[in-house]
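Peer 1: Have a look at this one.
The values are calculated or read from the model by the stated rules, or taken from the named source; none is laboratory data. These figures come from a predicted structure and were not determined experimentally. Cβ: placed from backbone, ideal geometry, glycine included. Neighbour counts: every protein chain shown.
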Number of protein chains: 2
Amino acid sequence: MFDIVKRLLVGRPLRSERLGETLLPKWLALPVFCSDPISSVAYATEQILLTLALGGAGFLSLSAPVAAAVALVLIIVVASYRQTCYAYPSGGGAFVVSKENLGESASLTAAAALLVDYVMTVAVSVVAGVVAITSAVRSWAPHAVAISVGFVLLIALANLRGVKESGKAFAIPTYGFIGLTYLMFLVAGARAAFGDGVPPAESASQPLPATVHASTVAVVALLLRAFASGSTALTGVEAISNGVPAFRKPKSHNAAATLAMMGAISVTMFGGITFLAIKLQARAEPDGNPSVISQLASSVFGGTSALFYLYQAATAAILILAANTAFNGFPVLASILAKNRYLPRQLHNRGDRLVFSNGILLLAVAAVLLIIGFDANIDRLIQLYIIGVFTSFTLSQFGMVRHWSRELDSVDDPSRRRRIRASQVVNAVGGVVTSVVLVIVFATKVEHGAWLAVAAMIVLFVVMRSISRYYQRVEAEVASEGGTPTLPPRVHAIVLVSRLHKPALRALAFAKATRPDQLEAVTVAADEEETRALQQEWEGRGIQTPLIVLSSPYRDVGRPIVDHVNRLRREDPRGLVSVFIPEYVVPRWWQNLLHNQSAFRLKARLLFTRGVVVVNVPYHIGRGEQGWLTAGEPAEAGEPRKPAKAT
Amino acid sequence: MFDIVKRLLVGRPLRSERLGETLLPKWLALPVFCSDPISSVAYATEQILLTLALGGAGFLSLSAPVAAAVALVLIIVVASYRQTCYAYPSGGGAFVVSKENLGESASLTAAAALLVDYVMTVAVSVVAGVVAITSAVRSWAPHAVAISVGFVLLIALANLRGVKESGKAFAIPTYGFIGLTYLMFLVAGARAAFGDGVPPAESASQPLPATVHASTVAVVALLLRAFASGSTALTGVEAISNGVPAFRKPKSHNAAATLAMMGAISVTMFGGITFLAIKLQARAEPDGNPSVISQLASSVFGGTSALFYLYQAATAAILILAANTAFNGFPVLASILAKNRYLPRQLHNRGDRLVFSNGILLLAVAAVLLIIGFDANIDRLIQLYIIGVFTSFTLSQFGMVRHWSRELDSVDDPSRRRRIRASQVVNAVGGVVTSVVLVIVFATKVEHGAWLAVAAMIVLFVVMRSISRYYQRVEAEVASEGGTPTLPPRVHAIVLVSRLHKPALRALAFAKATRPDQLEAVTVAADEEETRALQQEWEGRGIQTPLIVLSSPYRDVGRPIVDHVNRLRREDPRGLVSVFIPEYVVPRWWQNLLHNQSAFRLKARLLFTRGVVVVNVPYHIGRGEQGWLTAGEPAEAGEPRKPAKAT
């Protein structure tokens, strides 16, 4: 039943050999890995305007230099990560790079930062997309939480079906958004040059507070805060460097090329939108509705034109699908962490469709909780964003600097040394720039909610370290020193019997067949009458195995047996007790209600008793003859059987 | 944690020997078993008045003969059940009596009727009690459902703690209600004889429809319906005959005496209340609020007197506690049915406090569902009532007639024969009367909701028959023909291995120690790299047991192993496959999250594969040395060990 639903939703299981088939060409890799940085141009400009407006109308003119600074950082980060694609063809996320070059603590910090930020990407992108929708269709605004959660689940489902399908499904909105944005620039240019000019944005006449005559410190602080807000444009840039193995060959080259393409698209779109916003005097509305980008499209295309609505749809689509970047990055990172024993091993298993299903589900659950917890409020959510991104950027870049230093130690060829030096300079610049940005982001955002993201990172850090220590302890404990296994010195077998029926006789026969050093049948005297009847039948049949009767003053079956086992262990501490439990197996689940489930509870208790091996001897009810019970040699004969043969 | 809460609520577990200590003296047995029939006088008169009022004001005068008829039936039924107490000292409920004398179908009908009626008793009594409370404190009326459910859970808890405590807790309200009712009669008589007279009831002036000039048939029908409604006074009379074993010795005599006492109390109270109601011209309000009995108390004691409020409290208390009768009867009956294999065996287990905990819980759940489903509406609930009671009365009485006939066959002494004849006549009269009442109840109530109770009885009947047939089938299947157990002809052992660590080596060593005919280690190639490493280490250590590698194209561990086992079974259908599973056991539950739970799922799958024995070889993580692993003889030596010794 559950299986059928799962098949309908997720599709047929795929064979492991098909893993290679799901590799991505560049034109599909772009929408899969880059919808996050590309889509963030839809709100990055708005975040700058929103922050600058706090200073008054006069500050809006500063948006151009702030946006230029953001674009510069974007270019630097893209250039830095291109080096990583070449240096780490098997996937060089911040975690791997810091682990190999900066040590465990740095790598766990990077991992914690990335995990938190992937969750934030899903929450922020989806909520922003839904805000875009509800700006167009105002009546849906009260259902923002439900719509957002629905989209998260849809994306998770698409990813559970597999990478290739999701690439195709997401290509159209991504390329649609890119194409329509460039079309908007063209139309705006054409109308300004040859036509009637473009009308100002609808918020142009909005009254703003007069510019305060503020101190230089306050102005700088405002500019830095605006810059930090605009840096949301950089989230998700590292996704490609993590996902190099998903590219077609030559993997590193294709990944670096896709990264460059993404950088070019992002910078031009971000610059163009900011330019248009300044020209059309667009201002960010306090509740984000209508968004700056929709005001621009409305002015350029006309507020009731088909193109305007198409552009709104594309904006919403790419914003929501940007979450997909995280759904590609998070499970891969979680799987790498699990392989390195920092997270539970289940995150390293590939599911039916060859994707890391558990990671996908975990991310979806975390994002849904965040969306519900923050009531799908984009302004509050965005405060938690990007601090993690720049943490991992910084660690990754400095890790790369160290990486190139090591390379230099083993390379003598001068031209190769020169190229390595160049790469190192790129990463060093990247590291310095991103660390400066990190300080700015932390300083300007920590009191507005970023502390929560920092706290989450610290918790993740501690949890991952503890998990690693736990696995190491277990590993040391179970490691065998070599040599071959040794036999237990003595095996004491007990067979649990309540009545003398076939299941019990089967268990008894099998126990005999295992040739224990000592064998006894054990029954618990829960009902005096039944116990007496069992004892009489036992003697009447002449069964030679002794029958031990355990008293049970509290009518509990488990306790007397566990006590008996512990007594046997005390008498012979080096020996082993094997407990044979005859068990009914019924074909239908509800039939279990008709049988005492004491065997099940007892097994759980015995599992926690040391030095005990539990043997289930099932008897299949309603499925006819049970094979060997009625045939074979008599068990009481007691002659030794031939020893185990290693066939 | 769960354990602590359970202990706080239910108390310490009791030893089985203390079963005798919880026997009841007569003065405690009366409140435990008879609060139902005694409390029903609180609404039986009202039901008669309510029905007769449908015919108009003139019909109210007919309440005296109708009540007299009900009282007569009550006396006859009490007399009949006294015979049963003597004939069945080990508990002679309708089920046992019909089973021994009328056969299976009759007994199952009686049992189904009683089970349904016990549930109805709880629901109706508690809801009626809450109606009494909400009549006094009007503002609580909207919370009737919640209050009713709360009371059901409280009574269930009292019963889970044990019979004796509940006897004491319930004695005060029962004797309080009885005493205050007689006091009301005394005060009324005194005021009428020596004082100012008793004012009429507050509903005396209520306008009623004029008496319709109806046909004789309609008049008779109305009288019969009033009689059927008044018969609610008889519910629960059989509880004592079911509970004879709970009495102190001489059990039968004490039970019969208590029954007679109960009959005397019920008849006098029912008669007195009806007499008072007629004298004070009390009328049933359509919504039952204020109740007739509270109107009487208000007139006699004065509507604001302390005695009036005390009487209201006692009425509410005994009504709610009347449910306790069912909480004594239902679990015992369910346990008898379970012992006879008509219900799941769990209902026959005595819990920590020596009561049939599962039956108590089942009854509480059913009553709560009924109360919620019927929105605590007494008028709708009462329509489902008493049809079951009279079904079981009738079957029980005719069963007793047959019982005495059999006794006569084996008795020659004339005086004893005479006494048996007398008993038989009593039961025959009882049977005829109750069967006539049953027909009347069915005819007048079936369309007002009783069909639901009938349907429930039919379902229970069918379910119990099916359960019985199922147990019989299983019994026949597992019954052994005698003789001693035989050895399985061949045992093929496989040890599941994923890595060469201590848990796996332990499992391998133990598998060898069981001397199977064939032994192999099996690993699933879920991860190519790990599998290769395992194979190399296996060969490097020189382990002679062969290592079989199963391919797993879908990365699933369970399927390849089950397929492998089935292949072995096909090759040797009479042989047995024993699967040894090394298993991590961790001390804390959350540590399980850090280990793949594939062993658990695999065990469940193997349990449903035929001809397979599953052996769990647990390794306790974090609990130091595991005993025999590092010591003992080398397992590879292969010399035969001494055969099992029957110590």
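Peer 1: Looking at (1) more than 7 Å from chain A (Cβ to nearest Cβ); (2) touching a helix residue (DSSP H, G or I) at 6+ places or on another chain (Cβ under 6 Å); (3) more than 30 Å from A:V478 (Cβ to Cβ), find the lone condition where B:V478 falls short.
Peer 2: (1)
Peer 1: Now for a separate question. What is the residue count in the stretch B:461-496 for residues that are assigned to a loop (DSSP other than H, G, I, E, B) and surrounded by fewer than 22 Cβ atoms within 10 Å (Cβ to Cβ)?
Peer 2: 8
Peer 1: Within the bounds of the stretch B:337-357, is there any residue that is modelled with pLDDT of 80 or more, within 19 Å of B:L23 (Cβ to Cβ) and assigned to a helix (DSSP H, G or I)?
Peer 2: No: zero hits.
Peer 1: Name the pairs: first residue in the stretch A:58-79 and at pLDDT below 95, second residue surrounded by fewer than 22 Cβ atoms within 10 Å (Cβ to Cβ) and not in a helix (DSSP H, G or I), Cβ to Cβ under 7 Å, at least 6 apart or on different chains?
Peer 2: Cβ pairs passing all conditions: A:G58/A:T211; A:F59/A:T211.
Peer 1: Oh, and also: Is it true that B:S205 is in contact with a Phe, Trp or Tyr (Cβ under 7 Å, 6 or more places away or on another chain), farther than 19 Å from B:S39 by Cβ and hydroxyl-bearing (S, T, Y)?
Peer 2: The answer is no for B:S205.
Peer 1: While we're on this one: Return a yes/no flag: does the stretch A:301-312 have any residue that is part of a loop (DSSP other than H, G, I, E, B), in contact (Cβ under 8 Å) with a residue 12 or more places away in the chain, among the aliphatic types (A, V, I, L, M) and assigned by TED's automatic domain parsing to the domain that holds A:E46.
Peer 2: No, that holds for no residue.
Peer 1: Just to be sure before I move on: is B:I458 more than 8 Å from chain A (Cβ to nearest Cβ), in contact with a helix residue (DSSP H, G or I) (Cβ under 9 Å, 6 or more places away or on another chain) and crowded, with 19+ Cβ neighbours inside 10 Å in the structure I sent?
Peer 2: Taking the combined requirement at face value, the residue does not satisfy it.
Peer 1: Only one residue in A:A111, A:A144, A:A158 is part of a helix (DSSP H, G or I), touching a helix residue (DSSP H, G or I) at 6+ places or on another chain (Cβ under 8 Å), surrounded by 21 or more Cβ atoms within 10 Å (Cβ to Cβ) and among the aliphatic types (A, V, I, L, M), so which one is that?
Peer 2: Values: A:A144 fails: surrounded by 21 or more Cβ atoms within 10 Å (Cβ to Cβ); A:A158 fails: surrounded by 21 or more Cβ atoms within 10 Å (Cβ to Cβ).
Sole residue among the options that is part of a helix (DSSP H, G or I), touching a helix residue (DSSP H, G or I) at 6+ places or on another chain (Cβ under 8 Å), surrounded by 21 or more Cβ atoms within 10 Å (Cβ to Cβ) and among the aliphatic types (A, V, I, L, M): A:A111.
Peer 1: Filter the stretch B:427-472 down to the residues that are touching a residue at least 24 places away in the same chain (Cβ under 8 Å) and of a type in the set (G, A, S) and list them by number.
Peer 2: Of everything in the stretch B:427-472, those that are touching a residue at least 24 places away in the same chain (Cβ under 8 Å) and of a type in the set (G, A, S) turn out to be B:A428, B:G430, B:G431, B:S435, B:A443, B:G449, B:A450, B:A453, B:A456, B:S468.
Peer 1: Here's something else I'd like to know. Looking at the stretch A:236-245, can you tell me whether even one residue there is among the hydroxyl-bearing types (S, T, Y), part of a helix (DSSP H, G or I) and out of contact with any Pro (no Cβ under 6 Å at 6 or more places or on another chain)? Show your work before the answer.
Peer 2: Of all residues in the stretch A:236-245, those among the hydroxyl-bearing types (S, T, Y) come to A:241.
After this cut, where a residue has to be part of a helix (DSSP H, G or I) as well, the list is A:241.
Now restrict to residues that are out of contact with any Pro (no Cβ under 6 Å at 6 or more places or on another chain): A:241.
Checked against the condition, which is being among the hydroxyl-bearing types (S, T, Y), part of a helix (DSSP H, G or I) and out of contact with any Pro (no Cβ under 6 Å at 6 or more places or on another chain), the stretch A:236-245 yields at least one hit.
Peer 1: Go through (1) under 30 Å from A:Y619 (Cβ atoms); (2) outside any helix (DSSP H, G or I); (3) at the interface with chain A (Cβ under 7 Å from one of its Cβ atoms) for B:I543 and report which single condition fails.
Peer 2: Condition not satisfied by B:I543: (1).
Peer 1: Here is a further query. Filtering the stretch A:217-268 down to residues that are touching a Cys at 6+ places or on another chain (Cβ under 6 Å) and aliphatic (A, V, I, L, M), which residue is nearest to A:I386 (Cα to Cα)?
Peer 2: In this case the residue turns out to be A:M262.
Listed here are the residues, each with its yes/no results for (1) farther than 23 Å from A:G263 by Cα; (2) not in a helix (DSSP H, G or I).
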| residue | (1), (2) |
| --- | --- |
| A:A67 | no, no |
| A:Y81 | no, no |
| A:T84 | no, no |
| A:G92 | no, yes |
| A:D117 | no, no |
| A:A128 | no, no |
| A:A132 | yes, no |
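Peer 1: Just checking, how many residues over the stretch A:488-505 are touching a strand residue (DSSP E or B) at 6+ places or on another chain (Cβ under 8 Å), more than 23 Å from A:R569 (Cβ to Cβ) and within 7 Å of chain B (Cβ to nearest Cβ)?
Peer 2: 3
Peer 1: If you don't mind, another one. Of all residues in the stretch B:572-631, how many are modelled with pLDDT of 75 or more, part of a loop (DSSP other than H, G, I, E, B), within 8 Å of chain A (Cβ to nearest Cβ) and under 25 Å from A:G611 (Cβ atoms)?
Peer 2: Total meeting the criteria: 1.
Peer 1: Exactly one condition in (1) more than 47 Å from the chain's Cα centre (by Cα); (2) over 30 Å from A:P553 (Cβ atoms) is not met by A:L500; state its number.
Peer 2: Condition (2) is where A:L500 drops out.
Peer 1: Looking at the stretch B:170-208, which of the residues that are surrounded by fewer than 17 Cβ atoms within 10 Å (Cβ to Cβ), among the aliphatic types (A, V, I, L, M) and in a helix (DSSP H, G or I) is farthest from the chain's Cα centre (by Cα)?
Peer 2: Initially, the stretch B:170-208 is screened for residues surrounded by fewer than 17 Cβ atoms within 10 Å (Cβ to Cβ), giving B:172, B:175, B:179, B:182-183, B:186, B:189-197, B:199-200, B:204-208.
Next, only the ones that are among the aliphatic types (A, V, I, L, M) stay: B:172, B:183, B:186, B:190, B:192-193, B:204, B:208.
Retained after the next criterion (residues that are in a helix (DSSP H, G or I)): B:172, B:183, B:186, B:190, B:192-193.
Numbers: B:I172: 25, B:L183: 37, B:L186: 40, B:A190: 46, B:A192: 48, B:A193: 50 Å.
Top of the filtered list is B:A193.
Peer 1: A further question on this structure: Considering only residues that are of a type in the set (S, T, Y) and crowded, with 18+ Cβ neighbours inside 10 Å, which ones fall in the stretch B:248-289?
Peer 2: Within the stretch B:248-289, B:S252, B:T258, B:S266, B:T274 qualify.
Peer 1: Criterion first (crowded, with 23+ Cβ neighbours inside 10 Å, more than 9 Å from chain B (Cβ to nearest Cβ) and either in contact with a Leu (Cβ under 7 Å, 6 or more places away or on another chain) or within 24 Å of B:R574 (Cα to Cα) (or both)) does A:V522 satisfy it?
Peer 2: Details: crowded, with 23+ Cβ neighbours inside 10 Å: no; more than 9 Å from chain B (Cβ to nearest Cβ): yes; either in contact with a Leu (Cβ under 7 Å, 6 or more places away or on another chain) or within 24 Å of B:R574 (Cα to Cα) (or both): yes.
Judged against the criteria, A:V522 is not a match.
Peer 1: Can we say B:V389 is at pLDDT below 90 and over 31 Å from the mean Cα position of the chain (by Cα)?
Peer 2: Considered against the rule, which asks whether it is at pLDDT below 90 and over 31 Å from the mean Cα position of the chain (by Cα), B:V389 comes out as no.
Peer 1: Still on this structure, I have one more. Got a sec? Which of B:R499, B:R532 is surrounded by 15 or more Cβ atoms within 10 Å (Cβ to Cβ) and basic (K, R)?
Peer 2: Within the list B:R499, B:R532, the selection yields B:R499.
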